[in-house]
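To start, the structure itself, in structure tokens.
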Amino acid sequence: MNGKNALSDVKNETTYNIPLVLEENVISSGIILLSLWHTLADKTYRVFWPQDKKKPLIASSWVAIYTLQGSGKILLHSGEEVTLNGNCVIFLKPVDILSYHCEGLVWEQYWMEFIPNCAMDIPLRQKAIIHNGDGYNQELLEVGELLGNQNSNKKNLAVAFLTKMIYQWICLIAENGIKPTKLIKIEKLLSTLHADLQKHWSVTEMAEWMECSEQYLRKLFLKYTGKSPKEYYLDARLELAQSLLQQEGYSVSLVAERLNFFDSFHFSKAFKQKFGYTPSAVITLRQSAL
């Protein structure tokens with residue numbers, strides 16, 4: 001998959017960088033959606049604004065960046081650097097952005113540019129950790145399908161979904177100041193895990209990092225992520241593995257080695273159990289698309 005299109009908003013430098021909104025703005029009660037991108041970036045991905053942005057910068061617009069996995073870095077005109085690790089969201093002003101790039105193996109994110117058409121108290125440059133992104137990820141896939149439909153009602157429905165998500169993210173950020181200490185700490189642990197999934201983490205090491213017992217750690221993970229620590233860590237590594245396999249130069253054995261699986265057999269077994277198909281099938285699909 002790739003995003004090569006004469007109407008593209010940002011240059012294509014990734015395994016896939018798909019502009020989901022190209023030809024016209026879509027308006028819903030809450031926001032005017034200017035563009036939406038689903039990007040799986042590798043280490044070569046670097047974008048400079050405004051030279052790589054074909055649409056003009058709009059002072060009243062915002063961008064919401066929802067990072068699913070990996071890590072990215074955004075450099076602002078002020079000199080400030082914003083690092084985004086997996087499972088987090090942030091709101092920025094496009095006019096403040098100088099450049100952004102992948103920081104590490106991959107950076108998978110949804111980048112949406114919009115203009116509020118009603119009063120919105122949007123928090124600037126404040127991150128929120130997404131404890132369980134499965135629901136958002138599924139909704140965003142549905143949004144992409146709706147935007148690809150020629151029916152204007154379905155496009156408006158897609159933007160309504162995005163408006164709801166934006167309000168949910170605003171509320172999550174607003175709750176940052178009233179969170180219990182343990183929740184704040186587990187959010188930092190999740191961010192640390194996603195920042196370097198090549199590091200091997202045992203449940204014991206996670207509990208030591210949290211300064212709690214393994215039993216209490218499991219209770220926290222189940223409460224906030226719906227998964228045990230072991231399940232959460234394995235799923236995060238497998239999702240990253242799926243992304244790496246979509247990029248040239250990555251074999252099954254190399255991905256298994258990079259992400260600290262015991263061997264290719266154990267990696268393939270866990271991968272198929274999660275996704276329903278083998279890692280080799282991802283490589284075959286990638287090669288057939290060339």
(request) Could you tell me whether any residue of the range 85-105 is surrounded by 14 or more Cβ atoms within 10 Å (Cβ to Cβ), among the hydroxyl-bearing types (Ser, Thr, Tyr), closer than 19 Å to Ile32 by Cβ and touching a strand residue (DSSP E or B) at 6+ places or on another chain (Cβ under 7 Å)? (result) no
(request) Only residues that are assigned to a helix (DSSP H, G or I), more than 17 Å from Leu183 (Cα to Cα) and not polar (S, T, N, Q): list them for the range 196-214, please. (result) Val203, Glu205
(request) Output the number of residues of the range 222-236 satisfying the condition of being in a helix (DSSP H, G or I) and open to solvent by 20 Å² or more (accessible area, probe 1.4 Å). (result) 7
(request) Check the range 120-130 and report whether any residue there is out of contact with any strand residue (DSSP E or B) (no Cβ under 6 Å at 6 or more places or on another chain) and crowded, with 18+ Cβ neighbours inside 10 Å. (result) yes
(request) Collect the residues in the range 131-145 that are over 13 Å from Met165 (Cβ atoms) and either of a type in the set (D, E, K, R) or buried (at least 21 other Cβ atoms within 10 Å of the Cβ) (or both), keeping them in residue-number order. (result) Asp134, Glu145
(request) Could you grab me the full set of residues in the range 141-179 that are part of a helix (DSSP H, G or I) and polar (S, T, N, Q)? (result) Ser152, Asn153, Asn156, Thr163, Gln168, Asn176
(message) modelled with pLDDT of 90 or more, assigned to a loop (DSSP other than H, G, I, E, B) and out of contact with any Cys (no Cβ under 8 Å at 6 or more places or on another chain): is that true of Lys219 in this structure?
(response) no
(request) Sort out which residues of the range 241-253 are within 20 Å of Ser191 (Cα to Cα) and open to solvent by 10 Å² or more (accessible area, probe 1.4 Å), and write them in order of number. (result) Gln242
(request) Look at the range 37-80 and say how many of its residues are open to solvent by less than 60 Å² (accessible area, probe 1.4 Å), over 21 Å from Gly144 (Cβ atoms) and hydroxyl-bearing (Ser, Thr, Tyr). (result) 1
(request) Starting from the range 48-65, take each residue that is at negative phi and list its partners that are among the aromatic types (Phe, Trp, Tyr) and open to solvent by 80 Å² or more (accessible area, probe 1.4 Å), counting only C-beta distances under 6 angstrom and pairs at least six apart or across chains. (result) none
(request) With respect to Ala281, determine if the residue is without any contact (Cβ under 8 Å) to a residue 24 or more places away in the chain, surrounded by 13 or more Cβ atoms within 10 Å (Cβ to Cβ) and in contact with a helix residue (DSSP H, G or I) (Cβ under 6 Å, 6 or more places away or on another chain). (result) no
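The values are calculated or read from the model by the stated rules, or taken from the named source; none is laboratory data. None of the values given here were measured: they were computed from a predicted structure. Cβ sites come from the backbone with ideal geometry, for glycine too, and all protein chains shown count toward neighbours. Heads up: the accessible areas ignore ligands, DNA and RNA and are worked out on the full protein's heavy atoms, side chains in. Shrake-Rupley method; radii C 1.70, N 1.55, O 1.52, S 1.80 Å.
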